[in-house]
Amino acid sequence: MEANRTERLRARLQAELSPTVLEISDDSHLHAGHAGAASGGSHYSVKIVSDKFQGLTLVMRHRLVYDAVHEMINKAEIHALAITALAPSEPA
């Protein structure tokens with residue numbers, strides 16, 4: 001189930017943001033016993049590089065990522081999401 005959730009997360013980010021780099025880490029195991037983990041939501045870290053981030057503030061970039069996965073958040077499939085969002089012109 002977790003791999004399926006990770007793949008859905010990947011598919012949504014790919015479809016919405018057309019990233020040139022997309023790295024997803026399921027960090028749920030680090031939060032065992034946490035209230036959010038008990039509700040079934042998973043903890044993820046994503047590193048995403050997309051042309052769509054060019055010229056945007058950090059808050060605007062994060063908003064685009066959250067907009068892409070809002071349904072998964074609303075369904076409590078994702079409890080926490082740590083985001084590194086870069087434009088291709090920025091150093092990784």
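Of the residues in region 1-38, how many are of a type in the set (Gly, Ala, Ser) and either at pLDDT 75 or above or open to solvent by less than 60 Å² (accessible area, probe 1.4 Å) (or both)?
So the answer is 7.
If you check every pair at least six apart or on different chains, which have Cβ atoms under 6 Å apart with a residue in region 7-24 that is farther than 14 Å from Leu81 by Cβ first and a residue that is surrounded by fewer than 17 Cβ atoms within 10 Å (Cβ to Cβ) and modelled with pLDDT under 95 second?
none
Which of the numbered conditions does Ala68 fail, given that it passes all the others? Conditions: (1) surrounded by 14 or more Cβ atoms within 10 Å (Cβ to Cβ); (2) among the hydrophobic types (A, V, I, L, M, F, W, C); (3) at pLDDT below 90.
Condition not satisfied by Ala68: (3).
The values are calculated or read from the model by the stated rules, or taken from the named source; none is laboratory data. Here the structure is a predicted model, which is why all the values come from computation and not from measurement. Ideal geometry is used to build each Cβ from the backbone, glycine not excepted, and the neighbour counts take in all protein chains shown. Side chains are part of the model used for accessible areas, which takes the heavy atoms of the whole protein and leaves out ligands, DNA and RNA. Shrake-Rupley method; radii C 1.70, N 1.55, O 1.52, S 1.80 Å.
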